[in-house]
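Laboratory data are not the source of any read-out in this text; all were calculated from the coordinates shown. Quick caveat: nothing in here was measured; it's all calculated off a predicted structure. Because the Cβ atoms are built from the backbone with ideal geometry, glycine has one as well, and the counts that use them run over all protein chains shown.
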Amino acid sequence: MISKKMTDRINLQINREMYSAFLYLAMAAAMKEKGYAGISKWLTVQYHEEMFHAMKFVKYLEEQGAAAKYEQIDKPSFKDGSVKEYFEQVLKHEQFVTSSIREMVELARAEKDYATENLLQWYIDEQVEEEANDNEILQTIDLMGNSAHGLYMLNIQLGKRENEATLDFTAL
């Protein structure tokens, strides 16, 4: 049986994942407004992934006989700037999420909650992938030297990203 402390912590993470989703959706709108439809699409796909992450936690709580508790999601906050500055903020945010997941692993280990620790391994792997993707995009931006042609090509490349996340509970 899952503890109240772990249930509360997972509920906090659900709301953090939803904040992440809205952050990326707000960034997508800003990028679209600047003419970067491809980058906007990449960020919109990221929104769907973050919602999938939240719903995966919800389903886990349900399987454990616990309830998801939804809190008010803060207005997304980010600094407008260059494409590079956007992706620096994305990376910084993902590093925050990674830290949050690590805290959950420590709690699961302290409580000898092996089921939750097992679930969290999926999130750890996901965060490694998230940060690697963000770092790769930032390296690409550095390589192209912020040139208009380079940003145009990056915009096209990122626009090819497909949504693999699904909010269908049966797929979780």
Largest-first semi-axes in Å of the equivalent ellipsoid built from the Cα gyration tensor of region 1-68 are 32, 10, 5
Measuring from its Cα centre, the chain shows a charge dipole (+1 at each Lys and Arg Cβ, -1 at each Asp and Glu Cβ) which, in debye to the nearest 20, is 380 debye
Under 14 Å by backbone N from the virtual spin label 7 Å along Cα-to-Cβ at Tyr70, the residues of region 22-49 are 22
Treating every alpha carbon of region 38-114 as one equal point scatterer without solvent, the Debye formula yields log10 I(q)/I(0) values at q = 0.12, 0.20 Å⁻¹ of -0.49, -1.12
Taking max minus min of the Cα coordinates of the chain on each principal axis, largest first, gives extents in Å of 56, 28, 25
Per DSSP loop assignment and a cutoff of at most 11 other beta carbons within 10 Å, the chain keeps its longest run without exposed trypsin sites (Lys or Arg not before Pro) at 1-78
Surpassing 20 Å at the alpha-carbon level, of the pairs Lys34/Lys84; Lys34/Lys79; Lys59/Lys92; Lys41/Lys84; Lys41/Lys69, are Lys59/Lys92; Lys41/Lys69
Here the net charge surrounding Ala68, from other residues whose Cβ is less than 10 Å away from its Cβ (Lys, Arg +1; Asp, Glu -1), is +1
Dipole check, region 44-172, charges on Cβ (K,R +1; D,E -1), about Cα centroid: among His53, Ser100, Met144 the Cα furthest to the positive pole belongs to Met144
Dividing the helical contributions, -39500 (n - 2.57) per DSSP H run of n ≥ 4, by the residues of the chain yields a 222 nm value, nearest 500 deg cm²/dmol, of -26000 deg cm²/dmol
Over its alpha-carbon atoms, region 93-172 yields an Rg and a Dmax in Å of 17.3, 53
In region 76-172, taking the dipole from +1 charges on Lys and Arg beta carbons and -1 charges on Asp and Glu beta carbons about the Cα centre, the listed residue (Tyr114, Val128, Val83) farthest towards the positive end is Val83
For the chain the mean separation of alpha carbon contacts under 8 Å (6+ apart) over residue count, i.e. relative contact order in percent, is 33 percent
Quick calc, Glu33 & Glu136: beta-carbon distance into FRET formula, R0 25 Å, rounding 0.05, result 0.50
